[in-house]
Every structure is written in C-alpha cells, then in structure tokens.
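Input: one structure, supplied below.
The values are calculated or read from the model by the stated rules, or taken from the named source; none is laboratory data. Owing to the predicted nature of the structure, the values given are computational and were not obtained by experimental measurement. With ideal geometry, Cβ positions are generated from the backbone for all residues, glycine too; neighbour counts draw on all protein chains shown. For accessibility, only protein heavy atoms count, side chains too; no ligands or nucleic acids. Shrake-Rupley method; radii C 1.70, N 1.55, O 1.52, S 1.80 Å.
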Amino acid sequence: MDFHTRLQEQTSAERDYLLAAPLIGQALQGQLSLNSYLAFLGQAYHHVKHTVPLLMVCGARLPERLEWLREAIAEYIEEEYGHQEWILNDIRACGGDAEAVRRATPNLPTELMVSYVYDRISRGNPVSFFGMVQVLEGTSVAVASRAADSLQAALGLPPQAFSYLTSHGSLDLEHIELFKGLMNRLEDGEDRAAVVHTAKVVYRLYGDMFRSLPLNA
C-alpha cells in the first residue's frame, strides 16, 4: 500500500469528524444563510492568508535530502499567492465588509489551527505542513464545488460571490494529484508520521472552525 492511501486510512476518523460539522451539511443542501456563508468566508480569509507564509517557512526548513520537495513548494507558492484576496472579493460581492474581515481577529479554532502548523514546522518536522495540505485540499475537492452550486441557487448571489469555492474545487483536484505523487515519494518513517499526526490534529481544528460558525437556525 502506498503512503498516500495509508494516510487516507489513518486519518479517516478525524476526516469524518470534520465532514460531520452541521454547517457543511447545510451548505451542501443549500440551506445556509448569507450570514453563515459570510462567517465562513471570514474564517477562510484568516487561514488562507497564511498559506504562502507557511509554505515559505516549510521550504526554508526542509533538509537537503528533500530538495525535490522544496522545488515543489516553490511552484506551489506561485500558484497560491494572493488567494486570500479572492475571498475578500467574494465577501464584497455578497455585500459584506471585506475590510472589517481583514482587521478582525479569527475565531479561536482558526487561530489555533494556523499557530499549530507554524509550530509543527518550526519545532518539529517541517514536512508536517503537508498534513494541513491533506486536510484543506482534500476537503475542497470533497465539498467546495458542490457547496458553491447549492449556495448560489439558494442565496441568489452572482457567480462572483463564489470564486474561492469554485476555483478551489477544480484547482485542488490538480493539487491532489500532485500531492499524491509527493507523498508517495516520502520514504522516511518520521516524515510520514509527521504528516499523519498533523493531518489528524488539523482535521479536528478545522472541524472546530466550522462548528464555531453560526448556523441557519
């Protein structure tokens, strides 16, 4: 069994915890209120803005034996740069206050998730970052495009209000294939264990982020 397949199996319980968040179910059924969608976008901004900085920190700390992984990170940075601004544009298209979101303090689970991954990279194994990739990109592929279609129909908002969800649903399909290849090149047991452990924790924290958002009662 390759490592990517083993990673899916070893994190299945934590992934189920995330996907069981009531807000995700409401989004997929087109039952989410505009207030809840805006709240989600606000939290997404506060973790997505750290994607490139996290990639940079990870790349800087990788050992020479993983130079091939640093090369992939350099390409990934170029693709991910500025995506947080897409989210702010979506907020504006919904009639929300994007600048207030930019200045806001993230919800505790969001802040803890980002801080945890910085800590894992800096104090532990920098390959840990890819545990976060497993969570965020895998979740995007699973729910982003479906949720965008359901929400647009329910809320009557223009396509410009869903650029983050729609772009990541398709973009992350490509990233997942790249991710599979990268993970299957990891041979060191400690590297693999770091990815699994970080993914388990980030699934929990990302699930808690969704549970911190207001539901459409």
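Scan (1) closer than 19 Å to Asp149 by Cβ; (2) out of contact with any Leu (no Cβ under 7 Å at 6 or more places or on another chain) for the single condition Ser36 breaks and write down its number.
Going through the list (1) closer than 19 Å to Asp149 by Cβ; (2) out of contact with any Leu (no Cβ under 7 Å at 6 or more places or on another chain), Ser36 breaks only (2).
Residue-by-condition table, conditions (1) out of contact with any Leu (no Cβ under 9 Å at 6 or more places or on another chain); (2) closer than 28 Å to Leu32 by Cα; (3) at pLDDT below 95:
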{"site": "Tyr76", "(1), (2), (3)": "no, no, yes"}
{"site": "Glu79", "(1), (2), (3)": "no, no, yes"}
{"site": "Gln84", "(1), (2), (3)": "yes, yes, yes"}
{"site": "Asn89", "(1), (2), (3)": "yes, yes, no"}
{"site": "Glu99", "(1), (2), (3)": "no, yes, no"}
{"site": "Ala104", "(1), (2), (3)": "yes, yes, no"}
{"site": "Leu108", "(1), (2), (3)": "yes, yes, no"}
{"site": "Glu111", "(1), (2), (3)": "yes, yes, no"}
{"site": "Tyr118", "(1), (2), (3)": "no, no, no"}
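Kindly state which helices (runs of 4 or more DSSP H) lie completely within segment 112-217 and contain at least 2 residues that are more than 23 Å from Leu41 (Cβ to Cβ). Step through it out loud before you land on a result.
Details: elements: 129-139, 145-155, 163-185, 189-211.
Correct list: 129-139, 163-185, 189-211.
Name the residue that is surrounded by the most Cβ atoms within 10 Å (Cβ to Cβ), counting only residues in segment 177-205 that are farther than 19 Å from Gly124 by Cβ and in contact with a helix residue (DSSP H, G or I) (Cβ under 8 Å, 6 or more places away or on another chain).
Taking the candidates together, the pick is Phe179.
Pairs needed: first member in segment 151-167, free of Cβ contacts under 8 Å to residues at least 60 places away in the same chain; second member anywhere, β-branched (Val, Ile, Thr) and open to solvent by 30 Å² or more (accessible area, probe 1.4 Å); C-beta distance under 8 Å; at least 6 residues apart or different chains.
That search, which allows pairs on different chains as well, returns Pro159/Thr166.
Between a first residue in segment 183-202 that is closer than 14 Å to Met132 by Cα and a second residue that is among the hydroxyl-bearing types (Ser, Thr, Tyr) and surrounded by 20 or more Cβ atoms within 10 Å (Cβ to Cβ), which pairs have beta carbons less than 7 Å apart while being 6 or more apart in sequence or on different chains?
Sorted first by the residue in segment 183-202, then by its partner, the pairs are Ala194/Ser128; Val195/Ser128; Val196/Thr11; Thr198/Ser128; Ala199/Thr11; Lys200/Thr11.
Could you list, in sequence order, the residues of segment 106-129 that are β-branched (Val, Ile, Thr) and without any contact (Cβ under 8 Å) to a residue 60 or more places away in the chain?
Selection gives nothing.
So which residues in segment 122-150 are over 14 Å from Ile24 (Cβ atoms) and either open to solvent by 30 Å² or more (accessible area, probe 1.4 Å) or in contact with a strand residue (DSSP E or B) (Cβ under 6 Å, 6 or more places away or on another chain) (or both), if there are any at all?
Correct list: Ser122, Arg123, Gly124, Asn125, Asp149.
While we're on this one: What number of residues in segment 28-41 are open to solvent by 10 Å² or more (accessible area, probe 1.4 Å), under 25 Å from His175 (Cα atoms) and not aromatic (Phe, Trp, Tyr)?
Qualifying residue count, segment 28-41: 1.
Would you please name the residue that is surrounded by the fewest Cβ atoms within 10 Å (Cβ to Cβ), looking only at residues in segment 55-76 that are under 13 Å from His175 (Cβ atoms) and not acidic (Asp, Glu)?
Here the residue is Ala72.
Looking at segment 10-17, is at least one residue modelled with pLDDT of 95 or more and touching an Asp or Glu at 6+ places or on another chain (Cβ under 8 Å)?
Within segment 10-17, none of the residues are modelled with pLDDT of 95 or more and touching an Asp or Glu at 6+ places or on another chain (Cβ under 8 Å).
Name the single residue that is nearest to Tyr206 (Cα to Cα) among those in segment 77-111 being open to solvent by less than 40 Å² (accessible area, probe 1.4 Å) and not in a helix (DSSP H, G or I).
Selected residue: Pro106.
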